[in-house]
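Everything below concerns the one structure shown next.
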Amino acid sequence: TVNNQQLFRKAAEDAKRFNKREPLTERIFALAWKAAEAWVVSQFDLSKGATFPNFGRLVWVGEPGCTGRLQPCFVLLDSYAKSHSIQCGRGAHLASTVNRGWQVEPSEDMNFSKLAI
């Protein structure tokens, strides 16, 4: 298991390879993570999901034909899984399977400009 600090440290180390002059720091990655997390929470407070362009969606879903209880579900985009050779195992959800009859609540695309503010 990787904690946030380890994730930010690794991301900052990797960032040095791409931009040696002004690499992104652990602090910048931590701030970006905090902003994204706050946005997802605000979306859930509005009973909406959160879509991460070209990656996946974190949405509320319900069983087909059932009303009432919804549960959060991460849905990986098929295109992302295919381009990164990801094989989804038990409990994983791809967009193509979730769209078959499940009640999926609306979600909003992450707007990076709004997130930066």
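Odds and ends about this structure:
- Nearest-20 debye value, the range 48-117 charge dipole, Cβ charges on Lys, Arg, Asp, Glu: 100
- Mean projected area of the convex hull spanned by the Cα atoms of the chain, taken over all viewing directions: 9.1 nm².
- Per residue of the chain, the DSSP helices (runs of n ≥ 4 H) give a summed -39500 (n - 2.57) that works out to -12500 deg cm²/dmol at 222 nm.
- Footprinting exposure proxy for His84, His93 (fewest neighbouring C-beta atoms within 10 Å first): His84, His93
- Here the alpha carbons of the range 1-45 define both size measures, Rg and Dmax, at 12.5, 40 Å.
- A quarter of the convex hull surface defined by the alpha-carbon atoms of the range 48-117 gives 5.5 nm² as the mean projection.
- With both residues required to sit in the chain, DSSP beta bridges show an antiparallel share near 75%.
- In this structure, the amide hydrogen of Gly49, modeled 1.01 Å from its nitrogen in the peptide plane, lies closer than 5 angstrom to those of Trp60, Ser107, Glu108, counting only residues at least 5 positions away or on a different chain.
All of the numbers you see were taken from the coordinates with simple rules; none came from a lab. Quick caveat: nothing in here was measured; it's all calculated off a predicted structure. Glycine gets a Cβ as well: all are built from the backbone with ideal geometry, and neighbour counts include every protein chain shown.
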